[in-house]
Amino acid sequence: MFVLGINGSPRHQGNSSFLTSLFMAEMQKKGHETEVLSAVRLKINPCIGCGHCETEGVCVFDDDFTRIFLPAVIRADMVVLSSPVYFYAFPAALKALIDRIQVLWSRKYRLKTDEFKGRDRKGVLLAVGATQGKDLFDGMKLTARYFFDAAAIRYAADLCYRGMDEKGAMEKHPTVREDIKGLIARL
Ligand SMILES: Cc1cc2nc3c(=O)[nH]c(=O)nc-3n(C[C@H](O)[C@H](O)[C@H](O)COP(=O)(O)O)c2cc1C
């Protein structure tokens, strides 16, 4: 199985990056192939809503989205979004990648290509935020759900941690290692 991790944090070796590393290490132990892409390192144009993909099934831009991100998402058997919450949403670099997935939405819903037929692709959301609000992850969960749906990925599970702010906070969390192992066992 090919497991693709997408890290949404601009912070080097921050909390969501720690979650990605834990998750990928467990998957590697199980013999799976893994790759992690950092949203902020990819140089992409934001979606301009031109509608080209709705008729042609491809994007007008030739950039890191078309060359790196899209092929990896298409090949993945599991996609893991790992991200901090920024203003109750995904950080801008990751949101820009998600918006460009409109090309897969167009193929699925406008052009009816059914390109993922017969594949059981799973999606996982790992999220962190500083505060404690009940609704803290609602926006991210909705966006993740719609992103996964456009890419014919089943929203399999999520793990969201409140009260995590400073760098290194996640590493000190008392149950995170067991949480990740448990989540993977249930997938
Ligand atoms: C621009 C920005 C916006 C943020 N917005 C929120 C927010 O809306 N709610 C919240 O609880 N934390 C918010 N945070 C805090 C981060 O989610 C938190 O520090 C997180 O642990 C960072 O994870 P990372 O180390 O993976 O980057 C924000 C942080 C930044 C820099």
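Every Cα-Cα pair of the stretch 25-74 was included, and the share exceeding 17 Å stands at 49 percent.
Maximal additional length on extending the F116-A157 stretch stands at 12.8 nm, based on 0.36 nm per residue less the C-alpha distance. Scalar couplings 3J(HN,Hα) for the stretch 42-48, obtained by applying the Karplus form with A = 6.51, B = -1.76, C = 1.60 to θ = phi - 60°, are 7, 9, 9, 8, x, 4, 9 Hz; x denotes Gly and Pro.
Using only side-chain charges placed at the Cβ, +1 for Lys and Arg and -1 for Asp and Glu, the dipole size of the chain relative to its Cα centre rounds to 280 debye. Counted over the chain, the DSSP beta bridges are approximately 5% antiparallel. Close amide H partners of Y161, meaning residues 5 or more places away or on another chain with modelled amide H under 5 Å apart, are A127, V128, G129.
What is the gain in length, in nm to one decimal, between H12 and W105 on full extension, counting 0.36 nm per residue of separation less the C-alpha to C-alpha distance?
On the way: separation 93, 0.36 × 93 = 33.48 nm, distance 3.12 nm.
Fully extending the segment from H12 to W105 adds 30.4 nm.
When the inverse distances between all different Cα atoms of the stretch 67-187 are averaged and flipped, the Kirkwood radius reads 15.5 angstrom.
Each residue of the stretch 152-166 is assigned a 3J(HN,Hα), and the resulting list reads 6, 10, 7, 6, 8, 6, 9, 9, 10, 10, 8, x, 10, 10, 6 Hz, derived from the Karplus form 6.51 cos²θ - 1.76 cosθ + 1.60 (θ = phi - 60°), x at Gly and Pro. For the stretch 153-187 versus the stretch 1-51, the inter-centroid distance based on Cα atoms is 15 Å.
Proximity of backbone amide H atoms, modeled 1.01 Å from N, is registered between T34 and V3 at under 5 Å, excluding neighbours fewer than 5 places apart on the same chain. Across the stretch 49-65, coupling constants 3J(HN,Hα) worked out from phi with the 6.51/-1.76/1.60 Karplus curve, θ = phi - 60°, read x, 6, x, 4, 5, 5, 9, 9, x, 9, 8, 6, 8, 10, 8, 5, 5 Hz, and Gly and Pro carry x.
Here, each number is a calculation from the coordinates, and none is a lab measurement. The structure displayed is predicted, hence computed values, not measured ones. A quick note on method: Cβ atoms are made from the backbone with ideal geometry, for glycine too, and the neighbour counts reach across all protein chains shown.
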